[in-house]
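The values are calculated or read from the model by the stated rules, or taken from the named source; none is laboratory data. Computed from a prediction, not measured in an experiment: that's the story for all the values here. A quick note on method: Cβ atoms are made from the backbone with ideal geometry, for glycine too, and the neighbour counts reach across all protein chains shown. Accessible surface is based on the protein model in full, side chains and every heavy atom, while ligands, DNA and RNA are left aside. Shrake-Rupley method; radii C 1.70, N 1.55, O 1.52, S 1.80 Å.
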Amino acid sequence: MKKIFLLFVLYSGVIFGQFTVSNNNWKEIGKYFEGIKLYENSDKTKAKISYLDYNTIGNNASVLNPSKSYEFIFSTEKDTLDKLHKLIIEKIQEKKKQELILTFPEGVLTLDFYAVNFVSFKFVNKATNEDLKRETVGLNINRVNKLFGKK
């Protein structure tokens, strides 16, 4: 009887057990402190920007140990990040205030060139169903290069 019960427990564990497969193959490309990090998956079909929302940084108990970071994951091709880096550098060097809106299936990424030498990323993430536009800290050319793993 004990053997039958043990066999039943093992069998039910296999049938009703839940297995999850996680896809944690993100490679960090670069970062600017802990405020913003750029990742790319191994097959270069997606990129992820992990960031602190600049508008809520002051609400955290500690900027060095934030309680909430956000992610924006978007589809890419093999050269998308290089093209994006080049575009940002060119627009910063133009020294004009402007906004560029990049639309992805996962949401909208707005590049806000709000000062002569700075750009911030603004996100509308379709996956979160929030009607918020989150924003990163401002980045100059050196910070953009660090974020994209250049120089």
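Below are the figures for this structure:
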quantity	calculated
Failed item, numbered, when Val63 is tested on (1) touching a helix residue (DSSP H, G or I) at 6+ places or on another chain (Cβ under 7 Å); (2) at pLDDT 60 or above	(2)
Lone qualifier among Val119, Val108 - being aliphatic (A, V, I, L, M), open to solvent by 30 Å² or more (accessible area, probe 1.4 Å), in contact with a strand residue (DSSP E or B) (Cβ under 8 Å, 6 or more places away or on another chain) and not in a loop (DSSP other than H, G, I, E, B)	Val108
One residue from Lys68, Lys95 being at pLDDT below 90 and exposed (fewer than 14 other Cβ atoms within 10 Å of the Cβ)	Lys68
Flag for Ile57 being modelled with pLDDT under 95 and not small (Gly, Ala, Ser)	yes
Tally, over region 70-99, of residues that are outside any helix (DSSP H, G or I) and either without any contact (Cβ under 8 Å) to a residue 24 or more places away in the chain or of a type outside the set (A, V, I, L, M) (or both)	14
Residues satisfying the stated conditions in region 120-142, i.e. over 16 Å from the mean Cα position of the chain (by Cα) and over 17 Å from Thr56 (Cβ atoms)	Asn129, Asn140, Ile141, Asn142
Region 14-41, residues that are modelled with pLDDT under 90 and in a loop (DSSP other than H, G, I, E, B)	Gly17, Gln18, Phe19, Thr20, Val21, Ser22, Asn23, Asn24, Phe33, Glu34, Gly35
